[in-house]
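The values are calculated or read from the model by the stated rules, or taken from the named source; none is laboratory data. Quantities reported herein were computed from a predicted structural model and do not represent experimental measurements. Note that we place each Cβ from the backbone using ideal geometry, even for glycine, and neighbour counts take in every protein chain shown.
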Amino acid sequence: MKNIMSLMMMVLVLVSCAVSEGGSEGKVTAKIMTNAECGMCKEKIEGGLNFEKGIVFAELDVPSKVVTVKFKNDVITLDKIRVIISELGYDADEVKANTTAQSNLPACCKPGGMK
């Protein structure tokens, strides 16, 4: 019984060390203002970001037009994320949308398209 308790304690210590090492070090969460209009915009932006190396999580809240991005800042920068959004055809904070990409968006995704 004593050996089992000792073994369980060792496992517990190892698991807690592994969890603390795999914490959120190097991960940053940022909010980026866009000009997204609809659910298609949500799919396009999230799809364009969630498969980028270094991005852990990206989600667009359509009503507020804010993209929340959690990323590894040692792999990708916030400026690069803004450029990616711009290249998808959307404004990203002070980075304006790529005009060619924006003109290729469906009508509902263009600025004012849902009005």
Sole miss for GLU59 among (1) surrounded by 15 or more Cβ atoms within 10 Å (Cβ to Cβ); (2) assigned to a strand (DSSP E or B); (3) not small (Gly, Ala, Ser) is condition (1)
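Counting just the residues of segment 63-72 that are within 12 Å of the chain's Cα centre (by Cα) and surrounded by fewer than 21 Cβ atoms within 10 Å (Cβ to Cβ), which one comes out nearest to ASN104 (Cα to Cα)?
Of segment 63-72, the ones within 12 Å of the chain's Cα centre (by Cα) are 66-72.
Now restrict to residues that are surrounded by fewer than 21 Cβ atoms within 10 Å (Cβ to Cβ): 66, 68, 70, 72.
Numbers: VAL66: 22, THR68: 24, LYS70: 28, LYS72: 30 Å.
Only one residue fits best here, namely VAL66.
Does segment 40-55 include one or more residues that are out of contact with any Ser or Thr (no Cβ under 6 Å at 6 or more places or on another chain) and at pLDDT below 95?
Initially, segment 40-55 is screened for residues out of contact with any Ser or Thr (no Cβ under 6 Å at 6 or more places or on another chain), giving 40-55.
After this cut, where a residue has to be at pLDDT below 95 as well, the list is 50-51.
Yes, that holds for at least one residue.
Just to be sure, is ASN35 touching a Lys or Arg at 6+ places or on another chain (Cβ under 8 Å) and either farther than 21 Å from LEU105 by Cα or exposed (fewer than 13 other Cβ atoms within 10 Å of the Cβ) (or both)? Walk me through how you get there before you give the answer.
Working: touching a Lys or Arg at 6+ places or on another chain (Cβ under 8 Å): yes; either farther than 21 Å from LEU105 by Cα or exposed (fewer than 13 other Cβ atoms within 10 Å of the Cβ) (or both): no.
No; evaluated as a whole, the condition is false for this residue.
Is it true that ASP74 is of a type outside the set (Ser, Thr, Tyr) and out of contact with any strand residue (DSSP E or B) (no Cβ under 6 Å at 6 or more places or on another chain)?
Values: of a type outside the set (Ser, Thr, Tyr): yes; out of contact with any strand residue (DSSP E or B) (no Cβ under 6 Å at 6 or more places or on another chain): yes.
Taking the combined requirement at face value, the residue satisfies it.
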Among the numbered conditions (1) closer than 23 Å to GLY26 by Cβ; (2) of a type in the set (Ser, Thr, Tyr); (3) assigned to a helix (DSSP H, G or I), tell me where SER86 comes up short. (1)
How many residues are without any contact (Cβ under 8 Å) to a residue 40 or more places away in the chain, more than 17 Å from GLU37 (Cβ to Cβ) and not aliphatic (A, V, I, L, M) when one looks only at segment 74-114? 6
Given (1) surrounded by 14 or more Cβ atoms within 10 Å (Cβ to Cβ); (2) acidic (Asp, Glu); (3) over 13 Å from the mean Cα position of the chain (by Cα), index of the condition GLU52 fails: (3)
